[in-house]
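> Right, I'll just put the structure down here and ask away after.
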Amino acid sequence: MLSSKIEETSKEFSKDILSVKNAEELEKLRIKYLSRNGILPALFDEFKSVPKEEKPAAGKALNLLRNEITQKYNELKDKLSAESKRSSSKVDLTLPGKKYPVGSKHILTQTLDEIKSIFKGMGFSVFEGPELESDYYNFEALNFPPDHPARDMQDTYFVSDDFLLRTHTSPVQIRIMEKMKPPVRAIMPGRVYRNEAISARSYCMFHQVEGLYVDTDVTFAELKGTLVSFAHQFYGKELKYRFRPSFFPFTEPSAEMDITCFICEGKGCKICKDSGWLEILGCGMVDPNVFDSVNYDSEKFTGYAFGMGIERIAMLKYGITDIRIFFDNDFRFLKQF
Amino acid sequence: MKVSLNWLKDYVNLDGISTAEIVSRLTMSGLEVEDVIDQNEIYKDFIVGYVEEKNKHPNADRLSVCKVSNGKESFQVICGAPNVDAGQKVVFAPIGAVIPAGSFQIKKAKIRGIESYGMICAEDELKLSDDHTGIIVLDDKLEAGTPITDALGLNDVIIDIAITPNRPDALSHLGVARDLAALFDKEFKKPEISIDESGEDVKKIASIEIDDTVNCPRYSSRVVTGVSVKESPEWLKQRLVNIGLRPINNVVDITNFVMYECGQPIHAFDLDRLSGKKIIVKSTNGNTNFVTLDSKERELLPGTLMICDAEKDVAIAGVMGGENSEIYDDTKNILIESAYFNPSSIRKTAKYLQLSTDASYRFERGTDPDNTMFAANRVAQLIAEIAGGKVAKGSIDVYPNRIDEIKLTLRISRVNKLLGYDVSKPDAVNILQKLGMAVDESSDDNLLVTVPTFRPDIEREVDLIEEIARISGYDNIPSIPKISITLETKIDETSFTDKVRETANALGLFEMINNPLQSEELAMLTGSAIKLANPQSMDMAFLRTSLLTGALNAVARNLNKGEKNLALFEIGNVFYFNEGKSKISGFDDYSEKQHLVILLTGKKIDREWYAPVEHYDFYDLKGIIKSFLSKFSLDNFLNDSYYVKSNTIYEYYSRKIFNDAVIGEGGKVNKDVLNKFDIEQDVFCFEFDVDSLKNIPEPERMFAETLKFPKIVRDFAFIFDNSIANESVESYIKMKSSKLLKSVRLFDLFESKELGTDKKSMAYQLEYFDENRTLTEDEVEKDFKNLIKLVSKEFNAQLRGN
Ligand SMILES: [Zn+2]
């Protein structure tokens, strides 16, 4: 039977190759298996007379054997020739250095690390929260009443009536305020999900960093100061910025922060939709209803919160135009950073 | 929402203020401008053209070769529209004109071998609508050469504003004008209404009854008789076209005009088609179907608020009218509906029907209950003016559930406390008054503010503070350059995973981030997966239960791109049902855990001048895991177990165990699993539960004195049966040796013909030392000899080389 012969040959070859120590022995090995009168061509000859119905299986096994033998033979040949080169007495300092691979963090992690280190420097703690959340933490406690159009701002993946994939990192605000009393100063990075069609501009998930500071006498002016300092540290000292009124249910007043488009330097381009400005984050003063839901006294304490999308920041910073590339994990992309 | 600057100017004087300034102030007050179309600018090169001739294109069936005159000279123009014909007046774009849609400039072109000097335009190309069925055919009376801005009245500026959900009042020209008046400190003028009530007494021709007063607190109405439904006058059509609406007939156009003027959605019923000339507002109980005016039959949720006549349903309240009562060309008598509906009721209905209309959009955000009568009057006035007919005497206004204005106290000092800067009392008063609020400023620090019903978003003091900040401008709030650092203990919950990532990098691994949403097949492979209730596709309908499957997907994609040698890791969360659960109604029903996966595949060393090709194998994986754990001082706390039999994932594998719990597992991925991904090369993978790793108390790390006395090293090699595992030899040596033996290490392993079949040689290095003294050769030699004897006997092994 051909199949049993193939198996025996494979075993025999594995044994034989172990005892090859030099070029001479390697040549013997080649002659035994691969030469015109070797075992392998003989097996292929025998294959011709195998019954038709057995041919596919036998052919596959035979090809596997051939690949195994040639591959192992070639590797050993390389190894022996490398050894002989190494023992050569001439030194060629221009030969390439040997490879010592060092890995890297995903570019989104690197971007987050940079953001984290700036805020840690300003006295912020770092907290995390779950991605699979209850409606209460994701919406209700953050002043999104049921049946309110504000819920349409975030297309949500539900897993049941009351549980969902969080649409923002803001629920972590509630979780940490439930656990501790003011002062609370923390950032909360994490993954969030949106039920949006996947395209170059949007993906079913992305990453945010949330920020929160609650104490007596926290003001909008301090929020501005902190975020301006962040933007200067992250984007550079020269940039101009502006705060625009906006709406988030969990902050009042609410704002969005824009910086001068650094691609066109404010003249207007495709990236900034000709406005000269790039929106980089949303922020505002914590809404009293949010304080109510965590039993903080909203007369005594004030606070600010902010949130930014890490993909957007990384896309702007590194000139990436398709968000999907972050999650494709093409090794060539991963190695770039 | 698109607003017309010309239209806004009816309600607020903006003379001397540039468009740029208006746009900038709107954006900076929270009405974010997304696009500005200055018609004078974008249509400046377009003129009325006269099609003198039309001939077939010799080389293309669907194209025509036209001669178009600009009044002075003629141009040869190729046109592809089916409706172009000689004798027409058309919109002509000469060479140099920039087409608004797509911003491309008209150049001399050769189309299928014939030259073309310009273009005849369709509505979509001019951004007038989405219509591309044919070119625009203009009024015959227009003169060729007339600028299109004059001919079509395109001399407006259209501002597209993104209105946030808290600002239903700004979903109208009056609402935007009110903000502009406050921003530029101008007078705000509401249109004045005068109605000639020349018709019959309205009570005799119609009646209204509200059954569900919770969901319909107010229903106001006017009746106009004897109207003639026809095309709207130019000015009205113009206004609607400019903001992107399609004119239909004068009655419908007026209802749209009034909605975009004051924000109140209006429905016009054909009174003669209302049985009993009666409106009843009530909610359905039980299952009902209804045919809306777009001729679609819709299944309604029980409890849907409906507008009914004496016999039947005639409209889904606040969402869409019915086919059975809409305005026809021969409609004579009209009942105008101007109501206030409960926002959440309308939202529920619109959501359920997946039907968002201009009306439902406004109702679900909250319209102004005090505005219903104004709007009904406004419609009646315009219908009488434009469509003729007589307005019935009196109005019907059923208002069973009054919604009152609320009064709020604003402490001026609180503005400072929240914003961090001082706003003067007169400034605050002026801003609030300009926004339509009544302000009682008799007390020193406090303002008593009456909030009009058109601002449902203003419910608390803080909302008033926002209004002041927004109108005076966030730029006025200082950005203070220092912050106070509080001295509570700082926590970083990400520090462990940071270290995991850094260690993985040092071991040559690259970080991936994979999509946690997967197909059922993949997610179920490694656990009891949780399904999304509303997935986008079946490929992304389940949450991953391990990181392995996503990593294998990434490997498959890389292989397709020719990237075959991969060393990867990922940290991410996995999700699964807890034992015995199959749906989620509480946090105890499922687990969310942070995992780490490490994956190796392909060649560790590709063809290199200095070394032979080497493929990743199980021992690379094992070594990486060991180095990884040693960085966390955890390697000595975890036990290993090894399995050479395949399980559902691995062909062979090992486990890391802490206190009887498996916290990591990995090995060579089996062929069945790889086949699912069409991966044909070996893949080695290890997955950890990072949450469990984190919870192992990190041992205290203490400095250990470096060795002061010499080590004594001995080697031996034995020939063993192939079935003997290294682990058992090592532990046997450790068990039987003296306390002076401090380490045993396998340093050589081989098989060869000379050794015989099913035999292998394993060589060990043994290290002896004592922290407190120098050892003697004799005591080491004694132990070493003893070990040789014991190992030979225990494993039936043969000592080599001696
Ligand atoms: Zn730009």
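The values are calculated or read from the model by the stated rules, or taken from the named source; none is laboratory data. None of these values were measured; they are calculated from a predicted model. Here Cβ is always computed from backbone atoms with ideal geometry, including for glycine, and neighbour counts include all displayed protein chains. Heads up: the accessible areas ignore ligands, DNA and RNA and are worked out on the full protein's heavy atoms, side chains in. Shrake-Rupley method; radii C 1.70, N 1.55, O 1.52, S 1.80 Å.
> Within region A:171-181, is even one residue assigned to a strand (DSSP E or B) and out of contact with any Asp or Glu (no Cβ under 6 Å at 6 or more places or on another chain)?
Within region A:171-181, not a single residue is assigned to a strand (DSSP E or B) and out of contact with any Asp or Glu (no Cβ under 6 Å at 6 or more places or on another chain).
> Now for a separate question. So if I check each of A:Glu114, A:Glu128, A:Glu133, which one is within 16 Å of A:Gln208 (Cα to Cα) and at the interface with another protein chain (Cβ under 7 Å from one of its Cβ atoms)?
Result of the check over A:Glu114, A:Glu128, A:Glu133: A:Glu128.
> Scan region B:572-579 and tell me whether some residue there is over 30 Å from A:Val192 (Cβ atoms), in contact (Cβ under 8 Å) with a residue 12 or more places away in the chain, buried (at least 17 other Cβ atoms within 10 Å of the Cβ) and of a type in the set (S, T, N, Q).
No, region B:572-579 contains no residue that is over 30 Å from A:Val192 (Cβ atoms), in contact (Cβ under 8 Å) with a residue 12 or more places away in the chain, buried (at least 17 other Cβ atoms within 10 Å of the Cβ) and of a type in the set (S, T, N, Q).
> All but one of (1) out of contact with any Lys or Arg (no Cβ under 8 Å at 6 or more places or on another chain); (2) farther than 21 Å from A:Thr109 by Cβ; (3) facing chain A (nearest Cβ under 8 Å) hold for B:Lys561, so report the exception by its number.
That leaves (1) as the condition not met.
> Considering A:Val50, A:Val91, which residue is part of a loop (DSSP other than H, G, I, E, B), at negative phi and in contact (Cβ under 8 Å) with a residue 12 or more places away in the chain?
Only one candidate qualifies: A:Val50.
> Same structure, new question: For residues that are buried (at least 18 other Cβ atoms within 10 Å of the Cβ) and touching a helix residue (DSSP H, G or I) at 6+ places or on another chain (Cβ under 7 Å), scanning just region A:307-327, find the one that is farthest from the other protein chains (Cβ to nearest Cβ).
For region A:307-327, the residue satisfying everything is A:Ile313.
> Let me ask something else about it. Give me a count of the residues in region B:257-299 that are of a type outside the set (Gly, Ala, Ser), farther than 14 Å from B:Lys312 by Cβ and assigned to a loop (DSSP other than H, G, I, E, B).
Residues flagged as of a type outside the set (Gly, Ala, Ser), farther than 14 Å from B:Lys312 by Cβ and assigned to a loop (DSSP other than H, G, I, E, B) within region B:257-299 amount to 8.
Conditions tested, residue by residue: (1) in contact with a Gly (Cβ under 9 Å, 6 or more places away or on another chain); (2) more than 7 Å from chain A (Cβ to nearest Cβ).
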residue: B:Pro478; (1), (2): yes, no
residue: B:Ile491; (1), (2): no, no
residue: B:Phe496; (1), (2): no, yes
residue: B:Asn505; (1), (2): yes, no
residue: B:Gly508; (1), (2): yes, no
residue: B:Asn515; (1), (2): yes, no
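> Based on what the data block shows, is B:Lys760 within 14 Å of chain A (Cβ to nearest Cβ), at pLDDT below 95 and surrounded by 17 or more Cβ atoms within 10 Å (Cβ to Cβ)? Step through it out loud before you land on a result.
On the way: within 14 Å of chain A (Cβ to nearest Cβ): yes; at pLDDT below 95: yes; surrounded by 17 or more Cβ atoms within 10 Å (Cβ to Cβ): yes.
Spelling it out, B:Lys760 is indeed within 14 Å of chain A (Cβ to nearest Cβ), at pLDDT below 95 and surrounded by 17 or more Cβ atoms within 10 Å (Cβ to Cβ).
> Would you kindly identify the strands (runs of 3 or more DSSP E) lying entirely within region A:224-337 that contain at least 3 residues that are within 16 Å of the ligand (Cβ to nearest atom)?
A:251-260, A:277-286
> Please state which one of B:Ile679, B:Ile733, B:Ile724 is surrounded by 14 or more Cβ atoms within 10 Å (Cβ to Cβ) and in contact with a strand residue (DSSP E or B) (Cβ under 6 Å, 6 or more places away or on another chain).
B:Ile733
> Would you say A:Arg151 is closer than 30 Å to B:Ser484 by Cα, basic (Lys, Arg) and open to solvent by 20 Å² or more (accessible area, probe 1.4 Å)?
When the stated conditions are applied, A:Arg151 does not pass them.
> Kindly indicate the residue of region B:149-159 that is of a type outside the set (Asp, Glu) and open to solvent by 40 Å² or more (accessible area, probe 1.4 Å) and also farthest from B:Lys72 (Cα to Cα) among those meeting that condition.
Across region B:149-159, the extreme among qualifying residues is B:Asn155.
A quick yes/no check of all residues on (1) outside any loop (DSSP other than H, G, I, E, B); (2) assigned by TED's automatic domain parsing to the domain that holds B:Val229; (3) not aromatic (Phe, Trp, Tyr):
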| position | (1), (2), (3) |
| --- | --- |
| B:Tyr361 | yes, yes, no |
| B:Glu364 | yes, yes, yes |
| B:Thr367 | no, yes, yes |
| B:Leu382 | yes, yes, yes |
| B:Ser413 | yes, no, yes |
| B:Tyr421 | no, no, no |
| B:Pro426 | yes, no, yes |
| B:Ile431 | yes, no, yes |
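> Kindly indicate whether B:Gly623 is of a type in the set (Gly, Ala, Ser), part of a helix (DSSP H, G or I) and more than 10 Å from chain A (Cβ to nearest Cβ).
Yes; evaluated as a whole, the condition is true for this residue.
> Can I ask one more? Take B:Lys604 and tell me if it is in the same structural domain as B:Val662 (by TED's automatic domain parsing) and either open to solvent by less than 40 Å² (accessible area, probe 1.4 Å) or more than 31 Å from the chain's Cα centre (by Cα) (or both).
The answer is yes for B:Lys604.
> Now for a separate question. Please specify each residue of region A:154-208 satisfying the condition of being polar (S, T, N, Q), open to solvent by 30 Å² or more (accessible area, probe 1.4 Å) and more than 7 Å from every other protein chain (Cβ to nearest Cβ).
If the condition is that a residue be polar (S, T, N, Q), open to solvent by 30 Å² or more (accessible area, probe 1.4 Å) and more than 7 Å from every other protein chain (Cβ to nearest Cβ), then A:Ser199 is the only one that fits.
> For region B:627-680, list the strands (runs of 3 or more DSSP E) that sit wholly inside it and hold at least 3 residues that are over 13 Å from B:Leu693 (Cβ atoms) and among the hydroxyl-bearing types (Ser, Thr, Tyr); which are they?
Ranges flagged: B:639-643, B:650-658.
> Let me ask something additional. Within region B:98-148, take every residue that is surrounded by fewer than 17 Cβ atoms within 10 Å (Cβ to Cβ), among the polar types (S, T, N, Q) and more than 21 Å from B:Ile159 (Cα to Cα) and give me the one that is modelled with the lowest pLDDT.
B:Thr133
> Tell me yes or no: at least one residue of region A:100-110 is within 25 Å of A:Ala186 (Cα to Cα) and out of contact with any strand residue (DSSP E or B) (no Cβ under 7 Å at 6 or more places or on another chain).
For region A:100-110, residues within 25 Å of A:Ala186 (Cα to Cα) and out of contact with any strand residue (DSSP E or B) (no Cβ under 7 Å at 6 or more places or on another chain): present.
> May I pose another question? Against the condition of a type in the set (Ser, Thr, Tyr) and under 30 Å from B:Val429 (Cα atoms), how does B:Thr372 come out, does it pass?
yes
> Six or more apart or on different chains, Cβ under 6 Å: which pairs go from a residue in region A:256-270 that's closer than 19 Å to A:Phe306 by Cβ and not assigned by TED's automatic domain parsing to the domain that holds A:Met315 to one that's near the ligand (Cβ under 8 Å from one of its atoms) and at pLDDT 90 or above? Could you list them?
Sorted first by the residue in region A:256-270, then by its partner, the list stays empty.
> For B:Ala86, state whether it is of a type in the set (Gly, Ala, Ser), free of Cβ contacts under 8 Å to residues at least 60 places away in the same chain, surrounded by fewer than 20 Cβ atoms within 10 Å (Cβ to Cβ) and more than 23 Å from B:Asp140 (Cβ to Cβ).
no
> Further question: What pairs can you find where one residue is in region B:452-475 and facing another protein chain (nearest Cβ under 7 Å) and in contact (Cβ under 8 Å) with a residue 60 or more places away in the chain, the other is aromatic (Phe, Trp, Tyr) and in a helix (DSSP H, G or I), and their Cβ atoms are less than 9 Å apart, with a gap of 6+ or different chains?
B:Tyr474/A:Phe220
> Looking at region B:440-487, which of its residues are hydrophobic (A, V, I, L, M, F, W, C), open to solvent by 40 Å² or more (accessible area, probe 1.4 Å) and assigned by TED's automatic domain parsing to the domain that holds B:Lys417? Outline the logic, then answer.
Step one: list which residues in region B:440-487 are hydrophobic (A, V, I, L, M, F, W, C), which gives B:447-449, B:451, B:454, B:458, B:462, B:464-465, B:468-469, B:471, B:477, B:480, B:483, B:485, B:487.
Then keep just the ones that are open to solvent by 40 Å² or more (accessible area, probe 1.4 Å); that gives B:448, B:480, B:483, B:485, B:487.
Within region B:440-487, B:Leu448 is the sole residue that qualifies.
> Only residues that are loosely packed, with under 12 Cβ neighbours inside 10 Å, within 7 Å of another protein chain (Cβ to nearest Cβ) and of a type in the set (A, V, I, L, M): list them for region A:51-106, please.
The answer is A:Leu95, A:Val102.
> Out of region B:414-431, which residues are within 38 Å of the chain's Cα centre (by Cα) and open to solvent by 50 Å² or more (accessible area, probe 1.4 Å)?
Listed by number, the residues that qualify are B:Asn416, B:Lys417, B:Asp422.
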